[in-house]
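The values are calculated or read from the model by the stated rules, or taken from the named source; none is laboratory data. Please read all numbers here as calculations on a predicted model, not as lab measurements. Backbone-built Cβ (ideal geometry, glycine too); neighbour counts: all protein chains shown.
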Amino acid sequence: MRGEAHGYQVRQDLLLWAADRWANVKQGSIYHALKKLTSEELLAAGHTEESDLGPDRVVYRITPQGDGEFFYLLSKGLGEVDSGETMFNAALPFITALDRSTLAYLLKARIRQTEGQMSTTQFLMDNTIAAQPGEPGKPVHIREMFRYWNAAAVGVLEWLRDLLARVEAGEYEFADDSPHSFGMPPRR
């Protein structure tokens, strides 16, 4: 990662990683977030850079407290299904900031949780839906919602298992492989 960046660079990196598909990456929102993270001491405002395009730009860097929070949220986003799809999508671009074994552990945890959710969904489908219209239980057509959930989970599990196999086989460069494992976004 860069180590230091101003708001415009942050926005460019987020757009490069397609974060605009799941997050608000408008310039005003980014500067608001940078100021908030600075007030929470997760970032520190450093020097300013002159800009030909407008006012000088404040350069921010992550603090040790911010680094800890980053790895906490990264681990939670990858390893806990209940953290939600948005957190998972936010975490994915940063997988190589982890050690290979840590990512493998988190993916295995997510796989187990997804399998557990599928099992619970199947139990609900088998035990809470009326056998016939008018009988006790959920309406018969609710079964389609449960089937949809499990069908979607099958695809997620296939992708998770494939990623885990590739990670364990040595694909990608991780934090324990190289200090530059995350890489640098291209400069425009």
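Counting only residues that are assigned to a helix (DSSP H, G or I), out of contact with any strand residue (DSSP E or B) (no Cβ under 7 Å at 6 or more places or on another chain) and not basic (Lys, Arg), how many does the range 26-63 have?
8
Does at least one position in the range 17-28 carry a residue that is of a type in the set (Asp, Glu) and in contact with a helix residue (DSSP H, G or I) (Cβ under 8 Å, 6 or more places away or on another chain)?
Looking through the range 17-28, at least one residue is of a type in the set (Asp, Glu) and in contact with a helix residue (DSSP H, G or I) (Cβ under 8 Å, 6 or more places away or on another chain).
Criterion first (among the hydrophobic types (A, V, I, L, M, F, W, C) and more than 15 Å from GLU4 (Cβ to Cβ)) does LEU53 satisfy it?
The answer is yes for LEU53.
Report, by residue number, each residue of the range 141-175 that is at positive phi and over 18 Å from the mean Cα position of the chain (by Cα).
Listed by number, the list holds a single entry, GLY170.
Would you mind stating whether ALA23 is more than 21 Å from ALA175 (Cα to Cα), modelled with pLDDT of 80 or more and surrounded by fewer than 18 Cβ atoms within 10 Å (Cβ to Cβ)?
no
Each row is one residue, and each column tells you yes or no for (1) under 19 Å from the mean Cα position of the chain (by Cα); (2) farther than 28 Å from LEU157 by Cα; (3) surrounded by fewer than 18 Cβ atoms within 10 Å (Cβ to Cβ).
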site	(1), (2), (3)
ASP13	yes, yes, no
HIS32	no, yes, yes
GLU49	no, yes, yes
ASP52	no, yes, yes
ASP56	no, yes, yes
GLN65	no, yes, yes
GLY84	yes, no, yes
THR96	yes, no, no
ASP99	yes, no, yes
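If you check GLY66 against the conditions, is it part of a helix (DSSP H, G or I), touching a strand residue (DSSP E or B) at 6+ places or on another chain (Cβ under 9 Å) and not β-branched (Val, Ile, Thr)? Reasoning before the result, please.
On the way: part of a helix (DSSP H, G or I): yes; touching a strand residue (DSSP E or B) at 6+ places or on another chain (Cβ under 9 Å): yes; not β-branched (Val, Ile, Thr): yes.
Yes; evaluated as a whole, the condition is true for this residue.
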